[in-house]
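Trainee: Have a look at the structure that comes next, please.
Readers should treat all values here as calculations from the given coordinates under stated rules, not as data from a laboratory. Fair warning: this is a prediction, and the values are worked out from it, not measured in the lab. Note that we place each Cβ from the backbone using ideal geometry, even for glycine, and neighbour counts take in every protein chain shown.
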Amino acid sequence: MNATRKTVVGVDTAKSVFQVYTVVQETGEVINKPIKRAQFLQWFANRAPCLVGMEACGGSQHWARKLQELGHEVKLMSGKMVKAFVCGNKNDAADARAIYMATRQPEVKAVAVKTEGQQAVLAMHRIRQQLVKMRTAQINELRGLLGEYGEVFGTGRKAFETGMKGALERLAEGLPAPLIDTLRDQWSELARLDERIARIEASLLAWLREDRGARAIAEIPGVGLLTATAAVAAIGHAKAFRSGREFAAWIGLVPGQTGSGGKVRLLGMSKRGDTYLRTLLIHGARAVLQHAKTPGPWLQQLSQRRPPNVVIVALANKITRTIWAVLAHERAYDKDHVSMRPLAAAAT
């Protein structure tokens with residue numbers, strides 16, 4: 001994208017009133033005005049193709065797709081990146097100007113505009129994640145309530161299910177019937193949550209079978225149904241990242257840095273990006289480390305030198321880079337593939 005040829009427009013989105021900031025190239029006039037939601041697309045409809053900058057926040061993907069349909073180019077940016085350009089007090093006008101300034105900076109990384117299908121997959125992941133939290137909370141509540149009456153179960157869902165029936169039968173002899181009925185209702189609710197989670201996973205599996213990229217990365221050790229579908233949906237377009245290293249940095253699987261006077265000190269894991277996807281990748285790496293029959297020489301040597309959690313994160317970083325390589329080059333996963341540096345890079 002070339003910000004010098006196209007008119008740059010900064011948009012601060014909101015629920016009802018959007019703020020628009022731009023500079024007319026011919027006259028230098030500054031336009032910084034609010035636009036109601038209903039008139040937003042109409043304002044862009046008859047304009048020459050613009051470079052529109054927005055923060056990657058709620059609703060931004062929807063408006064980005066609509067603006068692209070009108071022929072405009074859209075640059076979505078992290079709010080953290082935009083914040084550095086806010087001058088003075090924070091308000092809608094200052095935010096729109098900051099977005100305009102950030103849009104013009106090539107160093108500010110753009111967030112890929114996702115399709116409606118990709119957003120639908122991410123929405124199913126979020127709903128499933130919420131249902132899992134509800135199920136866990138329900139189990140913990142029942143454990144706590146029954147623990148008040150001396151009924152304690154072992155760790156894990158299986159131990160809970162095994163002991164629950166007997167516990168209710170024993171407690172029914174001394175506790176009021178309405179309480180026992182309520183506890184049974186709460187227990188039966190777990191089965192309904194299991195069913196809803198299973199339906200979402202079945203839908204994700206159907207999507208994985210139809211998507212070429214998801215099927216390809218599902219062959220990578222440590223990448224299962226959830227990681228494959230979430231990664232393909234979250235990345236948007238793999239070539240939006242220049243390398244697997246950049247993709248891993250975007251997810252937050254690299255050390256943070258601090259430095260001054262030419263001295264750079266590495267910190268802990270930066271934890272930028274999508275927490276959910278990063279968690280799936282780390283869990284996948286942990287499963288590989290625990291269950292792989294032939295972990296490979298790299299993983300064996302690293303395990304001898306570094307603590308287990310460091311090894312897990314390093315393996316998650318490697319899996320992330322492999323995911324990017326498979327998606328960016330549109331090829332199948334090959335466990336025996338050896339990466340080669342480009343000749344031009346090797347010569348320098």
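Trainee: Just going by the charge dipole of the stretch 116-210, with Lys and Arg at +1 and Asp and Glu at -1 on Cβ, which of Ala191, Gln130, Ala202 is farthest out on the positive end?
Mentor: So the residue furthest toward the plus end is Ala202.
Trainee: How large is Rg over Rh for the stretch 67-150, taking Rg from the Cα atoms and Rh as the Kirkwood inverse mean of 1/r across Cα pairs?
Mentor: On the way: Rg = 21.7 Å, Rh = 17.0 Å.
Answer for the stretch 67-150: 1.28.
Trainee: Can you tell me the relative contact order of the stretch 7-111? Whole percent, Cα pairs under 8 Å, sequence separation 6 or more.
Mentor: On the way: 192 pairs, mean separation 32.6, N = 105.
RCO, the stretch 7-111: 31 percent.
Trainee: Apply the Karplus curve 6.51 cos²θ - 1.76 cosθ + 1.60, θ = phi - 60°, to the phi angles in the stretch 249-257 and return the couplings in whole Hz, x for Gly and Pro.
Mentor: Result, ordered by residue: 5, 5, 6, x, 9, 10, x, x, 10 Hz.
Trainee: Based on the Cα coordinates of the chain, what is the per residue volume of their convex hull in Å³?
Mentor: On the way: hull volume 82.5 nm³, N = 348.
Looking at the chain, the number lands at 237 Å³ per residue.
Trainee: Provide Rg over Rh for the stretch 7-111; use the alpha carbon set for both Rg and the Kirkwood Rh (inverse mean inverse pair distance). Walk me through the numbers before you get to the answer.
Mentor: Values: Rg = 12.5 Å, Rh = 13.5 Å.
Here the Rg-to-Rh quotient is 0.92.
Trainee: Here is a follow-up. Just want the answer: with Cβ charges of +1 for Lys and Arg and -1 for Asp and Glu, which residue in Leu277, Ile220, Ala248 is farthest toward the dipole's positive end in the stretch 213-347?
Mentor: Final value for the positive-end residue is Ala248.
Trainee: Could you identify which residue out of Thr320, Thr182, Thr275 has the top mean-square fluctuation in a GNM of the chain using Cα springs shorter than 10 Å?
Mentor: Evaluated over the chain, the most mobile residue of the options is Thr182.
Trainee: Here is a follow-up. Could you run the Karplus curve 6.51 cos²θ - 1.76 cosθ + 1.60 with θ = phi - 60° over the stretch 286-300 and give me ³J(HN,Hα) per residue in whole Hz, x for Gly and Pro?
Mentor: With coefficients 6.51, -1.76 and 1.60, one gets 5, 5, 5, 5, 7, 10, 5, 6, 10, x, x, x, 4, 5, 5 Hz.
Trainee: Order 235-246, 129-140 from most to least packed using the mean count of other Cβ atoms within 10 Å. Mind dumping the intermediate values first?
Mentor: Numbers: 235-246: 16.7, 129-140: 13.7.
Top of the packing list down: 235-246, 129-140.
Trainee: When only C-alpha pairs under 8 Å and at least 6 residues apart count, what is the relative contact order of the stretch 116-210, in percent? Walk me through the intermediate numbers first.
Mentor: Values: 32 pairs, mean separation 39.9, N = 95.
The value is 42 percent.
Trainee: Two-decimal Rg/Rh of the stretch 116-210 from alpha-carbon positions, Kirkwood Rh? List each step's numbers first, then the result.
Mentor: Details: Rg = 16.9 Å, Rh = 15.1 Å.
Rg divided by Rh gives 1.12.
Trainee: Let me ask something additional. What GluC sites (Glu not before Pro) in the stretch 79-172 are in a loop by DSSP, with at most 13 other Cβ atoms within 10 Å of the Cβ?
Mentor: Glu107, Glu148
Trainee: Now, a different point. Could you list Lys80, Lys318 so that the one with the fewest beta carbons within 10 Å of its beta carbon is first and the one with the most is last?
Mentor: Working: Lys80 9, Lys318 21.
Lowest to highest Cβ neighbour count: Lys80, Lys318.
Trainee: Treating only the Cβ atoms of Lys and Arg (+1) and Asp and Glu (-1) as charged, compute the dipole magnitude of the chain about its Cα centre; round to the nearest 20 debye. Spell out each step's value before the answer.
Mentor: Working: 50 positive and 30 negative charges, 246 e Å.
Roughly 1180 debye for the chain.
Trainee: So which of Lys239/Lys271; Lys114/Lys158; Lys80/Lys335; Lys133/Lys293; Lys90/Lys263; Lys109/Lys263 end up more than 28 Å apart, counting from Cα to Cα?
Mentor: On the way: Lys239/Lys271 22 Å; Lys114/Lys158 39 Å; Lys80/Lys335 37 Å; Lys133/Lys293 32 Å; Lys90/Lys263 34 Å; Lys109/Lys263 25 Å.
Lys114/Lys158; Lys80/Lys335; Lys133/Lys293; Lys90/Lys263, as the Cα separations exceed 28 Å there.
Trainee: Let me ask something additional. Rank Arg126, Arg65, Arg157 by mean-square fluctuation in a GNM of the chain with C-alpha springs under 10 angstrom and give only the top-ranked residue.
Mentor: Of Arg126, Arg65, Arg157, the Gaussian network model singles out Arg157 as fluctuating most.
Trainee: Taking only C-alpha pairs under 8 Å that are 6+ residues apart, what is the relative contact order of the chain in percent?
Mentor: The normalised contact order for the chain reaches 12 percent.
Trainee: Okay, next question. Using a Gaussian network model of the chain whose springs link C-alpha atoms within less than 10 Å, name the residue from Val264, Val24, Val52 with the highest mean-square fluctuation.
Mentor: Of Val264, Val24, Val52, the Gaussian network model singles out Val264 as fluctuating most.
Trainee: Still on this structure, I have one more. For the stretch 109-148, I need the span (max minus min coordinate) of the C-alpha atoms along each principal axis, in Å, sorted largest to smallest.
Mentor: Cα spread of the stretch 109-148 along its principal axes, largest to smallest: 52, 22, 5 Å.
Trainee: Per residue, how big is the convex hull around the C-alpha atoms of the stretch 198-341? Give it to me in cubic angstrom, could you?
Mentor: Details: hull volume 19.9 nm³, N = 144.
In the stretch 198-341, the Cα hull volume divided by residue count equals 138 Å³.
Trainee: Listing His125, His337 from the residue with the fewest other Cβ atoms within 10 Å to the one with the most, what is the order? List each step's numbers first, then the result.
Mentor: Details: His125 20, His337 12.
Ranked by crowding around the Cβ, least crowded first: His337, His125.
Trainee: Which ordering of Arg331, Arg215 is given by a fewest-first count of other beta-carbon atoms within 10 Å? All intermediate terms of the calculation are to be shown ahead of the outcome.
Mentor: Details: Arg331 11, Arg215 15.
Going from sparsest to densest Cβ surroundings: Arg331, Arg215.
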